[in-house]
1. Just need a number here: residues in the range 122-152 that are surrounded by 16 or more Cβ atoms within 10 Å (Cβ to Cβ) and either touching a Gly at 6+ places or on another chain (Cβ under 8 Å) or of a type in the set (Phe, Trp, Tyr) (or both).
2. Does the range 304-337 hold any residues that are over 27 Å from Leu420 (Cα atoms) and among the small types (Gly, Ala, Ser), and which are they?
3. Name the residues in the range 83-92 that are more than 13 Å from Glu151 (Cα to Cα) and away from ligand 2 (no atom under 16 Å from the Cβ), would you?
4. Residues that are in the same structural domain as Ala266 (by TED's automatic domain parsing), farther than 23 Å from Ile251 by Cβ and in contact (Cβ under 8 Å) with a residue 60 or more places away in the chain: list the helices (runs of 4 or more DSSP H) wholly contained in the range 303-379 that include at least 3 such residues.
5. Given the conditions (1) farther than 20 Å from Asn118 by Cα; (2) part of a helix (DSSP H, G or I); (3) outside the structural domain of Lys369 (by TED's automatic domain parsing), which single one is not true for Ser250?
6. Residue check: is Asp63 out of contact with any Cys (no Cβ under 8 Å at 6 or more places or on another chain), over 30 Å from Gly187 (Cα atoms) and more than 13 Å from ligand 1 (Cβ to nearest atom)?
7. Quick check on my filter: what residues within the range 1-56 are of a type in the set (Phe, Trp, Tyr) and in contact with a Phe, Trp or Tyr (Cβ under 9 Å, 6 or more places away or on another chain)?
8. For residues that are touching a residue at least 24 places away in the same chain (Cβ under 8 Å) and assigned to a helix (DSSP H, G or I), tally how many sit in the range 396-432.
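The values are calculated or read from the model by the stated rules, or taken from the named source; none is laboratory data. As the structure is a computational prediction, the values presented were derived from the model and not from experiment. Here the Cβ is made from the backbone with ideal geometry for all residues, glycine too, and neighbour counts use every protein chain on show.
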Amino acid sequence: MLKINIPENANRIIHTLQGAGFEAYIVGGCVRDAVLGRTPEDWDITTSARPEEVKALFRRTIDTGIAHGTVTVMFGKEGYEVTTYRVDGRYEDHRRPSSVTFTASLMEDMKRRDFTINAMAYNDEEGLVDHFDGLGDLKRRRIQCVGKPKERFDEDALRILRAIRFSAQLGFSIDEGTRQAIREQAGFLKDISAERIHIELTKLLLSGHPEEIRTACELGVTKVVLPEFDKMMETEQNNRHHMYTVGEHSIRVVQEVPPTEALRWAALLHDVGKPDTKFSDDAGDHFYRHNQVGEKMAGGILRRLKFDNATIDRVKRLVLWHDYGMGGQVTLKSFRRSLSKMGADLFPDYVCLKRADILAQSSYMRQEKLESLEVLKGYYKKIQEEKQCLSLKELAVTGRDLIEQGMKPGRDIGEMLSYLLECVLEEPEQNQKEILLQLAGEKLAQKQ
Ligand code: ATP
Ligand code: MG
């Protein structure tokens, strides 16, 4: 019999519930992951006990989602979600219902779950409870809906994105019937909230198979949730630097960058400005200023998907700067200025993105491009080692210093500090209080 090593405290919850005459199992994602030999993120428990009955049995509980039957049982800092067997209420607008009904039947609870691999329960006494051959689908490495796919996506269109996301996380294929239903019903995703689309797309991009975004496009899903990507997939780039469409190139860049949220989104969107900036002449296709157009578009997309401002800002800056440093010789001095503008905190991610971008282009001038990047990395190292000043807050004088020298508080101070930063970017050795105060004095004298 298949044996899953349940964490001690989860088993304690199950045994306490059983001891009080209820049924209890671990369920869903943790069963799936444990069978696959992956480490489950959290261990969810399903039970025939009602929420009040669960609460009566444990000392510390939190009403996490009491209306949906979920109580979190706490052991020290560890919490386990315990959810009563339930059936979902009526679905409206292709979204999960706000009301649910409790049931005494585990089978009923399994039927409401999205995919066969997510619809298994387990406890040590009964082993695996698997009414829909989830185990078979795990072995066949396949995502398949519980029940009729069209009905299930009609009930809750988020499941469409979840199918693709799980296939990307697990490296599974999507069953043909489920695929066909996605194709037919992708349009229902228009009713799903931006936050949930954001979460699923990010999980897809951070997964081991972000290239599954291609499947999302082929099945008509991005057309609804990220139409800009479809335009990228349709945009050819006939020039020496490229060998793929904008979309295919971008997929390869995503695959090449480390899996952090800002980097993967920046990789996906770095060329989002290309479809709108394309023009062709005898030399081939050009995309002038695509980084600037792309920066704006990326900002719009991420705002639409309700990203936080810090992530939006970072992705926008990466898109704006992704093309920097390739054409022509960059000097240390001009690099210092650029680094100050882009923000030195961005540079490590810029390097990852640029490297991936180069590798996803044609092999034309690849070595030269990689060498240019090495030169910039060398400059960056030197600037860091010498702790050279790149921003106003690293200047050896402050606004207060200037006021103490007799300058009037107000806009002039800001302008003077910017001027001093210019001087220091030109000659880093000048970042000393005395020198800067002297420069400030000379500048004032000039003005009068
Ligand atoms: P992970 O947490 O790794 O993303 P998971 O399978 O645990 O994967 P959750 O969103 O935590 O996914 O949901 C837990 C379980 O609840 C799922 O395994 C599935 O059985 C069920 N479930 C979640 N969302 C849905 C949905 N939209 N429709 C039907 N069942 C769902
Ligand atoms: Mg989960």
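1. 5
2. Across the range 304-337, the qualifying residues are Ala310, Gly327, Gly328.
3. Correct list: Thr84, Tyr85, Arg86, Val87, Asp88, Gly89.
4. Working: elements: 309-321, 332-342, 347-359.
So the answer is 332-342.
5. The failed condition is (3).
6. Yes, satisfied.
7. Tyr25, Trp43
8. As a first pass, look at the range 396-432 and keep what is touching a residue at least 24 places away in the same chain (Cβ under 8 Å): 396-397, 401-402, 405, 407, 416-421, 424-426, 428, 431-432.
Still in the running and assigned to a helix (DSSP H, G or I): 401-402, 416-421, 424-426, 428.
Here the count works out to 12.
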